[in-house]
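Note sheet for the following structure.
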Amino acid sequence: ARTDRLLAVKGKRTVDNLHRELGKIMWEHCGMARNKQGLEQALQKIPALREEFWKDVRVLGGSALNQSLEKAGRVADFFELGELMCIDALNRRESCGGHFRGESQTEDGEALRHDDEFAYVSAWEWAGLDERPVLHKDDLVYTAIEMKQRSYK
């Protein structure tokens, strides 16, 4: 049914064009440096672009072996993945690892962790299209090492 739906759209925008636009949103708003405002913007832009994808994508060829169709299916999935990445990043209000949250930094501009709130691994359960995913937390418990603030100076 999904293959038929993709082939039936017959829009004007290529899969590559929509893929690049989604990538630009992710790069600008959910990249290594991010902030609440940008993540909230991304969470408005991604659903709008997903809607446009399903109304205006053009998949060349038919349902037989078709690389354009295969890529269209992957890009359709990327909309859900990108949205979930933004939801997770918005939920995790700290700078941690390679990700810098603009609102979470020391006076010197160093990444500021909040281990008291975020010492867990996130696992998100898909609840359906246009439904908020459900967060499951698996606490991180360290016995051999100590969690501490990192300095890049």
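We did not get these values from a lab; they are worked out from the coordinates using the rules stated. What you see is a predicted model; the values in this text were computed from it and never measured. Cβ atoms come from the backbone with ideal geometry, glycine included; neighbour counts cover every protein chain shown.
Numbers at a glance
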item: If the convex hull is drawn through the Cα atoms of the stretch 27-114, its volume per residue in Å³; result: 97
item: Alpha carbon centroid spacing (whole Å) that separates the stretch 1-74 from the stretch 125-140; result: 22
item: Residue-count net charge about V59 - beta-carbon cut-off 9 Å; Lys, Arg +1, Asp, Glu -1; result: +3
item: Number of Lys pairs (Cα under 17 Å; 8 or more positions apart or on different chains) in the chain; result: 8
item: Spacing of the two label points (7 Å from each Cα toward its C-beta) at Q105 and R74, in nm; result: 3.4
item: Most fluctuating residue given options C86, C96, C30, as computed from a GNM of the chain linking Cα atoms under 10 Å; result: C96
item: Qualifying GluC sites (Glu not before Pro) in the stretch 89-148, DSSP loop, other Cβ atoms within 10 Å at most 10; result: E107, E131, E146
item: Residues with amide H under 5 Å from that of A33, placed H, sequence gap 5 or more; result: F100
item: With 5 Å bins from 0: P(r) over the chain, alpha-carbon pairs, percent; result: 2, 8, 16, 16, 16, 13, 10, 8, 6, 4, 2, 0
